[in-house]
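The values are calculated or read from the model by the stated rules, or taken from the named source; none is laboratory data. Only a predicted model underlies this, so the values are computations on that prediction, with no experimental measurement involved. All Cβ positions, even for glycine, are placed from backbone atoms using ideal geometry, and neighbour counts span all protein chains on display.
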């Protein structure tokens, strides 16, 4: 079971939850967004994880009977004291003791699915998470005020990725949406700016762990 929704919070991109009723291996798509997730193991124990940004899909193995829920944070959100570059492509386990998770040297009760938005709002209010207004503006297309080199440094320090890498991830998402709509791969490659269909295939396999043909097939099932 999988459920996902867009959040009303400017600090959150999506909120999601899942229950594993059948074991499966899958690839979690690459993303410039941090992920904060919580897990209830089959024995009832709670765990928490912080996923860093990545430009390649990450293999995930699920376990029957486990429940997962969490948020995908906006790309302009900073967690002071945590280096996104060091967590690039990695997942870090957060300390959990008696139902409380430690984030930014502070402890919080682990939130339920319905409490995720107010939980993130509290982290922002406490300074555990900080929204970088300049990066948010630049991601929206407004990069006035800084030189190209300065923006490159800011993007790396805040997101853990280079700006061109974020643009690649965005392009792959646009390609995926077109393929899901049934647009042929050759036309998708031209529409979103890939050199050719082979380039599109390489990028989607690397970023999403899927080929255009597989995406098209899934869309028609």
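Can you name every residue in region 166-190 that is within 17 Å of residue 208 (Cβ to Cβ) and free of Cβ contacts under 8 Å to residues at least 24 places away in the same chain?
At the first step, the residues of region 166-190 found to be within 17 Å of residue 208 (Cβ to Cβ) are 166-181, 183, 185, 188-189.
Residues satisfying the conditions are 167, 170, 173, 174, 177, 178, 183, 189.
Can you pull out the residues in region 126-151 that are part of a loop (DSSP other than H, G, I, E, B) and either surrounded by fewer than 12 Cβ atoms within 10 Å (Cβ to Cβ) or in contact (Cβ under 8 Å) with a residue 40 or more places away in the chain (or both)?
Here is the first cut: in region 126-151, the ones part of a loop (DSSP other than H, G, I, E, B) are 126-129, 132, 140-147.
Within region 126-151, 127, 128, 129, 132, 140, 141, 142, 144, 145, 147 qualify.
Any idea how many residues of region 22-44 are assigned to a loop (DSSP other than H, G, I, E, B), farther than 15 Å from residue 92 by Cα and touching a residue at least 40 places away in the same chain (Cβ under 8 Å)?
Of the residues in region 22-44, the ones assigned to a loop (DSSP other than H, G, I, E, B) are 22-24, 29-30, 32-34, 41-44.
Narrowing the set further to residues that are farther than 15 Å from residue 92 by Cα leaves 22-24, 29-30, 32, 41-44.
Within this subset, residues satisfying the condition of being touching a residue at least 40 places away in the same chain (Cβ under 8 Å) are 22-23, 29-30, 32.
Count: 5.
Take residue 158 and decide whether it is closer than 30 Å to residue 80 by Cβ, in the same structural domain as residue 109 (by TED's automatic domain parsing), under 22 Å from the mean Cα position of the chain (by Cα) and crowded, with 19+ Cβ neighbours inside 10 Å.
Numbers: closer than 30 Å to residue 80 by Cβ: yes; in the same structural domain as residue 109 (by TED's automatic domain parsing): no; under 22 Å from the mean Cα position of the chain (by Cα): yes; crowded, with 19+ Cβ neighbours inside 10 Å: yes.
Answer is no for this residue.
Applying the selection to region 1-21, what residues are in a loop (DSSP other than H, G, I, E, B) and either within 14 Å of the chain's Cα centre (by Cα) or surrounded by 15 or more Cβ atoms within 10 Å (Cβ to Cβ) (or both)? Outline the logic, then answer.
Our first condition is that a residue be in a loop (DSSP other than H, G, I, E, B); within region 1-21, this holds for 1, 7-11, 20-21.
Across region 1-21, the qualifying residues are 7, 9, 11, 20.
Return the residue satisfying two criteria in turn: it lies in region 94-109 and is free of Cβ contacts under 8 Å to residues at least 12 places away in the same chain and part of a strand (DSSP E or B), and of such residues it is nearest to residue 126 (Cα to Cα).
Per the criteria, the residue is 107.
If I filter region 110-125 down to residues being touching a residue at least 60 places away in the same chain (Cβ under 8 Å) and not in a helix (DSSP H, G or I), which single residue comes out as farthest from residue 48 (Cα to Cα)? Please lay out each step first, then the result.
Taking region 110-125 first, the residues touching a residue at least 60 places away in the same chain (Cβ under 8 Å) are 110-111, 113, 116-117, 120-121, 124.
Retained after the next criterion (residues that are not in a helix (DSSP H, G or I)): 110-111.
Numbers: 110: 8, 111: 11 Å.
The extreme case among them is 111.
With respect to residue 180, is the statement that it is assigned by TED's automatic domain parsing to the domain that holds residue 75 and surrounded by 13 or more Cβ atoms within 10 Å (Cβ to Cβ) true?
Details: assigned by TED's automatic domain parsing to the domain that holds residue 75: no; surrounded by 13 or more Cβ atoms within 10 Å (Cβ to Cβ): yes.
Considered against the rule, which asks whether it is assigned by TED's automatic domain parsing to the domain that holds residue 75 and surrounded by 13 or more Cβ atoms within 10 Å (Cβ to Cβ), residue 180 comes out as no.
Taking the options 121, 31, name whichever one is within 30 Å of residue 163 (Cα to Cα), under 12 Å from the mean Cα position of the chain (by Cα) and not assigned by TED's automatic domain parsing to the domain that holds residue 169. Even if it seems obvious, please write down each step before you answer.
Values: 121 fails: under 12 Å from the mean Cα position of the chain (by Cα).
31 is the lone residue from the list that is within 30 Å of residue 163 (Cα to Cα), under 12 Å from the mean Cα position of the chain (by Cα) and not assigned by TED's automatic domain parsing to the domain that holds residue 169.
Out of all the residues in region 46-77, which are more than 30 Å from residue 151 (Cα to Cα) and assigned to a loop (DSSP other than H, G, I, E, B)?
If the condition is that a residue be more than 30 Å from residue 151 (Cα to Cα) and assigned to a loop (DSSP other than H, G, I, E, B), then 62, 63, 64, 65, 66 are the ones that fit.
Looking at (1) within 17 Å of residue 132 (Cβ to Cβ); (2) in a loop (DSSP other than H, G, I, E, B); (3) within 12 Å of the chain's Cα centre (by Cα), can you tell me which one residue 80 breaks?
(3)
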